[in-house]
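Note sheet for the following structure.
The values are calculated or read from the model by the stated rules, or taken from the named source; none is laboratory data. Quick caveat: nothing in here was measured; it's all calculated off a predicted structure. Virtual Cβ from ideal backbone geometry, glycine too; neighbours counted across all protein chains shown.
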Amino acid sequence: MSYAVVLRAPGAPRLLCAALIGRLSYGVVPLSLTLAITRNGGYALAGAALAAFGAASCALAPARGRLIETFGARRALAPMAALYAVLLLALAALTWRPGAPVVVAAVAAGACTPPLGPVTRTLWGRMFDDPVLVQRAYSLDGVAEELLLVTGPLIAGLLAAVTEPAAGVALSAALVLAGTLGMVAGMDARPAPAAASEDAGPIATPVALTAATGLCLGALGLLFVAFAAAHGRPAAAAWIEAALAAGSGLGGLAYGAVRWRSGLRSRLAVLTGALGLLAAAAGASPGLPVLAAVAAATGVVIAPALTTAYLMAPGVRAATWVNTAFNAGSALGAAGAGALIGRAPLPACFALAALPALAAGAAAASWRRAARPAPAPRR
């Protein structure tokens, strides 16, 4: 079976296109908002607004997931997206006024962010009965999301160059509304919940390991910039990030094409530990070309790890918890790296960034071995 089987399923092309349009908004809005607020309010205000936006989005994500599961995606998602789009437009307008309460507006918008990713993965899970096809659909979805995270900032930068940065915030509002309406078109008013995987188990495992993944990756983003600056080429950090994203895309496609015999928990533990090992190795790179190669290798395990975590968390609310864990971990990882850079050698900073993933992967693997039943005595 190939990815073409996934794309030929009834409703699959519409779902993929609509979800990509809506989620592209999340790639465009951070840089657009930063540039728009910085123009009139400075970097401190922009940082505060982005932090408030992210904190509100993460803190209320489980509640939004509960609303989706309680009332159904069609009833809850479209109004949520409409309110979010209106608040983004209001925020775009406020960025033109010095002294406007942009932080308050950012909190309001972040609180209403529609959980398009978790809803999309839940719909993929209901579209196929074959677990292999579900894995393939999740992998395809994860690779597409990686591409959006690269494309979004490029669109934001282009808009800022040819017009006003606030135009990117307004475009984000249009994208999320159009994508959401495309997704909910044809949905049942109260869709049935997704069936749980037999290997899914407690939600705590994917949440904990995904948080560790986020901590590691959030720190790596800043450490790549510091490494490039230390080698006299700060702009090269963009190429390092591109190598990471390319590796993740290739890894995700390869992962989805394999029929795995190991369980989801075992896979996630190995992938998380591998991420930690590669992140630690990145700090020993002698120069930028080697770092780019290690970053690409590191990326190979990122999309598979996230795909596995989402496979262990069927349903909108569970997937939202995993998504929130990753986002919160990324924010904390970036903050921790920012505090360490300049106070410790860069190799040590990379090693510390790798520690959460290494520890979480080892703990999950140990728990898995301890949970295995003892072999029956021979008679």
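Observations on the model:
- The set of residues in region 185-215 that are part of a helix (DSSP H, G or I), modelled with pLDDT under 90 and either of a type outside the set (G, A, S) or closer than 29 Å to A46 by Cα (or both) contains only T205.
Quick grid of which residues meet (1) surrounded by fewer than 21 Cβ atoms within 10 Å (Cβ to Cβ); (2) charged (D, E, K, R); (3) without any contact (Cβ under 8 Å) to a residue 60 or more places away in the chain:
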position: Y3; (1), (2), (3): yes, no, no
position: V6; (1), (2), (3): no, no, no
position: L20; (1), (2), (3): yes, no, no
position: A36; (1), (2), (3): no, no, no
position: A44; (1), (2), (3): yes, no, yes
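- The criterion of being closer than 25 Å to L268 by Cβ, touching a residue at least 12 places away in the same chain (Cβ under 8 Å) and assigned to a loop (DSSP other than H, G, I, E, B) does not hold for A319.
- Cross-chain or 6+ apart pairs with Cβ under 9 Å, region 96-111 first and farther than 26 Å from T320 by Cβ and free of Cβ contacts under 8 Å to residues at least 60 places away in the same chain, then among the hydrophobic types (A, V, I, L, M, F, W, C) and outside any loop (DSSP other than H, G, I, E, B): A100/A93; A100/L94; P101/L94
- Within the span defined as region 117-125, one or more residues are within 27 Å of A305 (Cα to Cα) and of a type in the set (S, T, N, Q).
- From the options A337, A305, A364, residue that is touching a residue at least 60 places away in the same chain (Cβ under 8 Å), crowded, with 19+ Cβ neighbours inside 10 Å, closer than 14 Å to G218 by Cα and not charged (D, E, K, R): A337
- There is no residue in region 327-350 that is at pLDDT 90 or above and under 16 Å from the mean Cα position of the chain (by Cα).
- Put simply, of R317, R267 the only residue that is over 28 Å from A226 (Cβ atoms), modelled with pLDDT under 85, surrounded by 20 or more Cβ atoms within 10 Å (Cβ to Cβ) and not assigned by TED's automatic domain parsing to the domain that holds G125 is R317.
- When the residues of region 261-291 are filtered to those that are outside any helix (DSSP H, G or I) and in contact (Cβ under 8 Å) with a residue 12 or more places away in the chain, the one that is farthest from T308 (Cα to Cα) is G287.
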